[in-house]
Every structure is written in structure tokens, then in C-alpha cells.
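Remarks on the structure that follows.
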Amino acid sequence: MIDLIVLPLIKIVFVLTGVLITVMYLVLLERKVQAWVQARLGPMRVGPHGVLQPIADVVKLFVKEDVTPVRAEKWVFTLAPIIVLVPSLIAFAVIPFGPEVNLFGRPVPLYITDLNVGLLYIVSVAAIGVYGIILGGWSSNSKYPLLGSLRSSAQLISYELAVTLTFVSVILAAGSLSMVQIVEAQHANGVWFAFVQPVALFIYGVGALAETNRNPFDLPEAESELVAGFHTEYSGMRFALFFLAEYTNMIVVSAVATTLFFGGWLRPFPNVEWLSFLGLVPAWIWFTLKTFALLYVFLWIRATLPRYRYDQLMQLGWKWLIPLAIANIVVTAAVKVILGS
Amino acid sequence: MERDAGRSMFDTDELVINMGPQHPATHGVLRVVLKLDGEKVVDADVVIGYLHRGVEKLTENRDWTQIVLLTDRLDYVASAAANLAYVETVEKLMSIEVPRRARYVRTILAELQRLASHLVWLGSHAMDIGAITVFLYCLRERELILDLFEEYCGARLTYNSMRIGGLPQDVPSGWLPKVLRFCDVQEEKLAEYETLLTHNRIWLQRTRGIGAITGQAAIAVGLCGPSLRGSGVPRDVRKDEPYAAYDEIPFDIAVGANGDTYDRYLVRLEEMRQSMRIVRQAVEGLPEGPVMAKVPRLIKPPAGETYHANESPKGEIGFFIASDGRSTSPYRLRVRPPSFCNLQALPQLVRGHLVADVIAIIGTIDIVLGEVDR
Amino acid sequence: MGEAIAFYTFAAMILGFGVLVITARNTVHSVLFLVANFLFVAALYVLLGAQFLAVIQVIVYAGGIVVLYLFVVMLVNLKRPPEAHRDRRRKTGLGLAFSLVILAEVVAIAVFGIVQPAQLAAPKAPLPPEAANNIEQVGWMLYTQYLVPFEVASMLLLVAMVGAIVLARREL
């Protein structure tokens, strides 16, 4: 009873709270990192060095006037941001933050659940998230958000294909769809899959940038572009949900990359004995550090690169990434057969 | 329905989209009405006039020295260039010989102004295409130029830095070494901007082949300045009709090959390097002497009309002045603004490109609405 | 016991949303109800222990096919009703005739099923190893017993894709 209901509930509360706080501070981190790259300071006023800025942002979004376009579909208009946010949050159900630990005398795994189709669950959840974007644009009852949302969702669907294909090669290398098993496989092999599947990592990285609508693939929502993004007509709390969803997606994507390619909760060189003092650092801290390192790469790329035009973006996804991902699967499968493992 | 009779299921209508006048990427209050076929631009109609302040009419009620203030506000990003063009036109009408030192200092100011204007151009162009960091780096260097100007004439944007017959004051002490130090800093930083953009694959894809125009077509439509030089036409007013100290200071002009956005980018970068070269030579070879010629207290040019052009950062800026010899205001003053003439080419440049390229093309022609609308 | 509650709830949701799909006024609402329907079907699969099938149902159906429906519905103006057969009596007559035919078919299948229960054909290929999990079992069956239908299905998809590209590119 406790293991079936109470423990997962406690874990869910922990994870949700942790994720929401991380998202808020990720927004601040983005502003700070961008500022430092651009030779300025970023938010400094609210709290020492701007630490309380996210709270100010949340309060602002809460008390903003709720503007709904006159002929917009009331229900769908409100539903769209929820449809975008919920899948991003529930994806955390399968992300392994750490191995089983002993807490208060009982073994507690540091993940909410271990589905045997964990990786596919994340793909399915991402597929549902696309609806929120399409509906967000459509329900605003205005031509430009509709076009923007259709573009954005077409981009998402195209790059989802490439990303799912890279998952296949990782699954081939790990031999299982379960997230926990994949980390265990990296432990058993003694090497992170980043070194075993570098091409898959590269494709995943590019695909992740496109999936989360980040620079250099943020044309559908860039301010200086002509066709406005799908969240033009949204303000206040609803806009906050879209915003939260974007950053939560970033965290999900980084956490998945950490699990699949960078050894998840494993300390660096997990099979090397003389480095075992690194094991003093709890596994979930390693996981968090790696995820934040990847998030930093996201922010760094946004500060540096120009943005692709929409047709160039689609060409990149369909003509380069998908064939490359398929070739990668073929090569991986061939190597596996040859090595007989 | 008759409308559906001759059309297949996949025929689409033309969409008319309005861009501006309030838009983050139109560099001012510019309005462009685009006719689209899907994503391709079929035609573009440029609507201007949102910043018209009647500058040319206002000059008829100001005296000749006060007009320098009005010229500040034409191309507000490069005020000193318009100042210089205006005062030189009046000096040409009045046949005033400007002392050598004044000509050299004017050259230094004009070239510093060119650097400042190109920095704004680079920053906003890169930001429109998505490389937001370059904007802040460019503005950081521009702050140094603005500090230099502030030390010289007291203002950061609208300088009022030239007078008919010379300059309002001589350079402050310690200013010239600061200018040289700035040139060293800018040299390094220019290399930094290049590493971010020049060989970046995304930048190349966004600018190569975009908005290309041949030299002949450019001349036919009236392009001038870096936009013209990017198409391979080696026309630069500083070389063809030298003014200030340009006949005494050697420098090269940058000419592009293909006339596309990437070439115009390279041309302007090279111009920035040449500007630094001119400034260094001018500072080193600065002659002694007065900075103001002997001009009457009340400026009253003789009756007549004249036209004189300078090479502003945006292109050829020219002033046509008609004086009736009796009043203290011009009878007619006409500005030939480079941005206005360059903007004429916009419909031709965007035709056949995609919507996202329109932003890049507006950036590459480098317009300032103050000049376009006056 | 818990399973029974879950099953009846899911079944009720599936049927309810199914009815809403065909009775909704607005086509976009219709499509959204279809998505909800598919999600509950996936839940039913999980109840049956076929988790792989459940996620595939979500990814392919709810996440791919219905998104396509949504695109079409949004871009095509569906407010105009089809113009053929405005005659009320003719519509009712045809409708009644078709539904009677289908009813007859369904009854025939049910009766036949009871009277002559089908025998399971002997598997022509080796069975998957006993310890295999859900995904491995599906994979095994797909690549041994159902190999030909699998390949034919992929050819079908390829033809559809090529056809769509040919139709959409006017310059080709």
C-alpha cells in the first residue's frame, strides 16, 4: 500500500516542486548567462544579484489583465496552454534521478516509475504536446498566430522523427527501452553512450534545439520575424503556462540526453576503482550537474548563433538529419551483428 | 461557383501582409506592404512618411548656422556626416577656404562617424537574423566612439559638430591619443565579430545569394554607397570628388563581387577597417593651425545655387542649396538622402525571396528613416 | 476489482467521446474528442498488459494521424455542406438502406461466430522465447509470422508518401 500509492505520491510532489522551481530559476539563469555573454549584468535589482526576479515575474504574470480575443474559442483558448504544459511535466515520471537508495530503512528508487517502454513514453508525451501549439494558434482566431502555430508544429513533428530515430540507435546499443536499464547498460559497458553513438548525440542535440523551439530554430516565435508566433494573443497566466512549458521542455530534453548519452546518475568513470571517492557525491547530484551542463549549452547556443530560415530548417531536418539517423541505425545494427553481442 | 471553375484544388490566393510601421525589424517607422504567394514575395510596396517633419521647409525659416542643427536629425545615427555635407555645400557656395587642420579634424570626425554608423548597422542586422550577441558587442564599441564625440562637442547623438568655415572648437587635449587607442580596441573587436559571423554556416545560408543585384541594375535604380559597391561598382564620393582631407590621405575602397547581402556585409566590414586606417593617418599627420576660417558673423551667401555631395556611411548624401543673396535663410534647401534612394531598390531586391529574407534585405540596405522621410 | 472499475470507466469514456465526435457541431472539437478517445483506448491497452501497443497507439494515432486530421480541418473550409442529394426523403431512404445492410452483416458475423467458432491456425513460425517481454514478443511475431504483411504495409506507406509529395509539388 505504502509502496504502491504513498511513496509515488511523495515522489511526484518532490519532482513537480523541484521542476517548477528549476524552471523559474532557469528563466533567470538564461537572462543572466545571456547577459554575461553580452558583456552586461542581467537582472540585478530584485533581490541580491536579481535572485528574486523569478518571483517578481510570477507575480506580474498572475496579476496581469486576462485578455481574450473577442471571437476566440473560450474553452480551447484556455485548454491550449494546459495541453502544452501537462505532457512536459508528466514526462518526468520516467526520468531516473538516481538508483535505489535506502531511506528510512526501505529501499526507495529515485525515480517515480520504471516503465519497460520508458523511452517511448517520452516520445508519446511529446507527440501530445504538439496539440497545444496547434490549438493555441487556431483558437486565437487570427490569421498570423494560426500560420505561426502550423509552422511551429510542422517543425516539431519533423524533428520528432529525427529524434525518435536516434532513440532507436541508443536502444540498439542498450538493448532495452527502459530508462533505468539504459543507465545500467552504460554502467555495464563502462562507457557513456555519447562515445558509443556520437552521431546519434549530434542529431539528438540538433533535434532537441528544434523540438524546444530554441535558437537557431526559433523562427516561428522570434520577435523580429513577420508572421507572429502562436502565443501572440496570449497574456497573463495563459502566457505564463506557455512560457513554463517551453522551459520545462528544455529540462526534459536535457534530462533525457543525460540519461541516454551521458550516463544518467553515474559518476564519471563508474568502473574505475581509484576514482571511487567521487562516489561520495550522491548520484542525483551527478545527474543534476550533467543536466545543468547541457542546459547551459542550450543557453550558450542561443547567445551565439543566428537563426535559420524556415525552409532551411525544414530542409535540414528532412534532407540531412533523418537520412543520417537512418544510416546511423543501419551502421549500429551492423556493428552489433558483427560483434555478435 | 464561377470563381472555382478554372482552378484546380491546389491553387492558392495571394496574401497581402502589412509589415510595420511599428515592427522590431524595420529600423524605424517604415511600412512595407508585401504581396505573398505562399511564402514567396511577389511584390513589395514601401510606404514612407511616418517620420516626415518638414525639415527642408523648416530650413527656409532658419539662418544658415542654425540649419546645422536640423541636419543632425536627418540621419540621426551618423549626424556628423550630414553636418559635414551641409557646411561644405555652403562653403562651396561662399567659396570659403577651410584651413587644413580643420579639414583633417573633419575627416577624423567623419570616419569615426562612419565606424559608429556601421557598428549600429552590423548590430541590428545580425540581431534581426538572430545573432543577438553581436548587437551588444557592437554597441559596446560604439559607446567608446560616443564618449569621444561627447568629449569633443558635448553630445552623444546629435552633434552639431561642424560650422560654416571650420569647426566650433579645436580638439580637446588628450583627445587624439584616445582616438588612437580606440582604433586599436576596435581592430581587435572587429576580428571578434568576424569569428562570430563571417564563416558561420547559418550566417552564410541566410545572406549568400539573398537580395542580389547586378552592378548595372544597381546603377539603374539609383543605389549608392556600400550597397552599390557590393555589386561591383567602384564608386565612392571620397575618391571621385574628394572633399575634406580625403585627397591627401590614401585609403582603399571595398568592392564586392556578387551584389548579395553577404558581399554588402563584407564591404562594410572592410570599410570599417579602412576608416580606422584613415583615422590613424589623419591623427598622425594632423597639421597645426587654426580650425576656423575667417567668415563674417552673419552668414549670407551670394545669390546662386550649388550641389555638393559627401560619402556618408549610408551612401552619397548631397545638399542642394539655392540662395537669393539677400536673406539669412536659404531660398530652397534640398537633401539628397542616400537611404531614400537606396530604399527605392527594395521591391526589386525582395521579389522572389521568402518572407524571412525581407528582414535581412531591409537590414542590408541600411536605412535610417530620419533621412528617408526628413 | 480495481481492474473492473478501470475497465468500465475507460469503456464509458471511449463510447462517450465516440458519440461526441460525431455529434459535435464544430469540426475541430470533433477532432479533439477523437484524440481523447484514442488516449482512452491506449489506457485500455495498458490494462491488457500491452504497454508497447499503448505507447504506439499514442504516438502514431493520437500524435500523428489525428494531428494530420487537425491540419486538414483547420486549413480547409468545412462549413459548406456537400451539395449532392438535398432531397430529404432520398437521404433518409439511402441511410436506412445502408444501416440495414450493415446490421445484417454484423448479425451474420455474430451468429457465425457462435455457431462455428474459429480455430486458431497452427503457428507456422517458431514462438518467441517465454521470458521475452512485450516488445520482444511483438517484434518476434512481426518479423517471423507476419513478415509479408509488414513489408506490404511499408510499401503502402511509401506509395502514399510519394503520392502526397507529387500532388503537392506543382513544379514537378
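Does B:Tyr152 satisfy the condition of being aromatic (Phe, Trp, Tyr), more than 26 Å from B:His23 (Cα to Cα) and in contact (Cβ under 8 Å) with a residue 12 or more places away in the chain? Working first, answer last.
On the way: aromatic (Phe, Trp, Tyr): yes; more than 26 Å from B:His23 (Cα to Cα): yes; in contact (Cβ under 8 Å) with a residue 12 or more places away in the chain: yes.
Yes, satisfied.
Suppose we filter A:Gln186, A:Gln197, A:Gln155 for residues that are in contact (Cβ under 8 Å) with a residue 40 or more places away in the chain, farther than 23 Å from A:Ile326 by Cβ and surrounded by 22 or more Cβ atoms within 10 Å (Cβ to Cβ); which single one remains? Even if it seems obvious, please write down each step before you answer.
Details: A:Gln197 fails: farther than 23 Å from A:Ile326 by Cβ; A:Gln155 fails: farther than 23 Å from A:Ile326 by Cβ.
Of A:Gln186, A:Gln197, A:Gln155, the one residue that is in contact (Cβ under 8 Å) with a residue 40 or more places away in the chain, farther than 23 Å from A:Ile326 by Cβ and surrounded by 22 or more Cβ atoms within 10 Å (Cβ to Cβ) is A:Gln186.
Of the residues A:Leu147, A:Leu103, only one is within 12 Å of chain C (Cβ to nearest Cβ) and open to solvent by 50 Å² or more (accessible area, probe 1.4 Å); which?
Numbers: A:Leu103 fails: within 12 Å of chain C (Cβ to nearest Cβ).
Testing whether each residue is within 12 Å of chain C (Cβ to nearest Cβ) and open to solvent by 50 Å² or more (accessible area, probe 1.4 Å) leaves just A:Leu147.
Listed here are the residues, each with its yes/no results for (1) open to solvent by less than 40 Å² (accessible area, probe 1.4 Å); (2) over 21 Å from A:Arg151 (Cα atoms).
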| residue | (1), (2) |
| --- | --- |
| A:Val252 | yes, yes |
| A:Ala255 | yes, yes |
| A:Leu275 | yes, yes |
| A:Phe292 | no, yes |
| A:Leu313 | yes, no |
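If you scan region B:135-190, which residues turn out to be out of contact with any Leu (no Cβ under 9 Å at 6 or more places or on another chain), under 17 Å from B:Leu269 (Cβ atoms) and either part of a loop (DSSP other than H, G, I, E, B) or acidic (Asp, Glu) (or both)?
B:Glu187, B:Glu188, listed by residue number.
Taking the condition of being among the β-branched types (Val, Ile, Thr), more than 7 Å from chain C (Cβ to nearest Cβ) and crowded, with 21+ Cβ neighbours inside 10 Å, how many residues in region A:113-132 meet it? First the steps, then the outcome.
The first filter runs over region A:113-132 and keeps only residues among the β-branched types (Val, Ile, Thr), leaving A:113, A:117, A:122-123, A:125, A:128, A:130.
From the residues that got through so far, the ones that are more than 7 Å from chain C (Cβ to nearest Cβ) too are A:113, A:122, A:125.
In the following step, the residues that additionally are crowded, with 21+ Cβ neighbours inside 10 Å were identified as A:122, A:125.
Selection size over region A:113-132: 2.
Among the numbered conditions (1) closer than 30 Å to B:Gly38 by Cα; (2) open to solvent by 20 Å² or more (accessible area, probe 1.4 Å), tell me where A:Trp286 comes up short.
(1)
Looking at A:Val15 and the list (1) open to solvent by 50 Å² or more (accessible area, probe 1.4 Å); (2) closer than 21 Å to A:Val101 by Cα; (3) among the β-branched types (Val, Ile, Thr), which single condition is not satisfied?
Of the numbered conditions (1) open to solvent by 50 Å² or more (accessible area, probe 1.4 Å); (2) closer than 21 Å to A:Val101 by Cα; (3) among the β-branched types (Val, Ile, Thr), the odd one out for A:Val15 is (1).
Can you pull out every residue in region C:54-78 that is within 9 Å of chain A (Cβ to nearest Cβ) and in contact (Cβ under 8 Å) with a residue 24 or more places away in the chain?
If the condition is that a residue be within 9 Å of chain A (Cβ to nearest Cβ) and in contact (Cβ under 8 Å) with a residue 24 or more places away in the chain, then C:Ala62, C:Val66, C:Leu70, C:Met74 are the ones that fit.
So A:Ala303 fits all but one of (1) more than 20 Å from the chain's Cα centre (by Cα); (2) farther than 28 Å from A:Leu120 by Cα; what number is the exception?
Failing condition for A:Ala303: (1).
Would a scan of region A:274-297 turn up a residue that is within 30 Å of A:Arg31 (Cα to Cα), in contact with a Lys or Arg (Cβ under 9 Å, 6 or more places away or on another chain) and part of a loop (DSSP other than H, G, I, E, B)? Lay out the reasoning, then the answer.
Pass one, region A:274-297, residues within 30 Å of A:Arg31 (Cα to Cα): A:281-297.
From what is left, the residues that are in contact with a Lys or Arg (Cβ under 9 Å, 6 or more places away or on another chain) are A:281, A:283, A:286.
Among the residues that remain, those that are also part of a loop (DSSP other than H, G, I, E, B) are: A:281.
Yes, that holds for at least one residue.
Can you confirm whether region A:39-53 contains a residue that is within 14 Å of chain B (Cβ to nearest Cβ), touching a residue at least 24 places away in the same chain (Cβ under 8 Å), of a type outside the set (Ser, Thr, Tyr) and open to solvent by 20 Å² or more (accessible area, probe 1.4 Å)?
Initial filter on region A:39-53 (within 14 Å of chain B (Cβ to nearest Cβ)): A:39-42.
With the extra rule that they be touching a residue at least 24 places away in the same chain (Cβ under 8 Å), the set shrinks to none.
Among the residues of region A:39-53, not one is within 14 Å of chain B (Cβ to nearest Cβ), touching a residue at least 24 places away in the same chain (Cβ under 8 Å), of a type outside the set (Ser, Thr, Tyr) and open to solvent by 20 Å² or more (accessible area, probe 1.4 Å), which makes the answer no.
Name the residues in region C:16-53 that are facing another protein chain (nearest Cβ under 9 Å) and either aromatic (Phe, Trp, Tyr) or over 13 Å from the mean Cα position of the chain (by Cα) (or both), would you? It would help to see each step written out before you state the result.
As a first pass, look at region C:16-53 and keep what is facing another protein chain (nearest Cβ under 9 Å): C:26, C:28-29, C:32, C:35, C:39, C:42, C:51-52.
Of everything in region C:16-53, those that are facing another protein chain (nearest Cβ under 9 Å) and either aromatic (Phe, Trp, Tyr) or over 13 Å from the mean Cα position of the chain (by Cα) (or both) turn out to be C:Asn26, C:Val28, C:His29, C:Leu32, C:Gln51, C:Phe52.
Have a look at B:Ala81, B:Ala110, B:Ala85 and point out the one that is surrounded by 23 or more Cβ atoms within 10 Å (Cβ to Cβ) and either touching a Pro at 6+ places or on another chain (Cβ under 8 Å) or part of a loop (DSSP other than H, G, I, E, B) (or both).
Working: B:Ala110 fails: either touching a Pro at 6+ places or on another chain (Cβ under 8 Å) or part of a loop (DSSP other than H, G, I, E, B) (or both); B:Ala85 fails: either touching a Pro at 6+ places or on another chain (Cβ under 8 Å) or part of a loop (DSSP other than H, G, I, E, B) (or both).
The unique qualifying residue is B:Ala81.
How do the helices (runs of 4 or more DSSP H) wholly within region B:191-304 filter down when requiring 1 or more residues that are open to solvent by 10 Å² or more (accessible area, probe 1.4 Å) and without any contact (Cβ under 8 Å) to a residue 24 or more places away in the chain: which remain? Can you show your working first?
Values: elements: B:201-207, B:215-221, B:226-229, B:237-240, B:261-284.
Filter on region B:191-304 gives B:201-207, B:215-221, B:237-240, B:261-284.
The values are calculated or read from the model by the stated rules, or taken from the named source; none is laboratory data. It should be emphasised that the depicted structure is a prediction, and the values quoted were computed from it without experimental measurement. As a convention, Cβ positions derive from the backbone with ideal geometry for all residues, glycine included, and neighbour counts pool all protein chains shown. These accessible areas exclude ligands, DNA and RNA; they are computed on the full protein's heavy atoms, side chains included. Shrake-Rupley method; radii C 1.70, N 1.55, O 1.52, S 1.80 Å.
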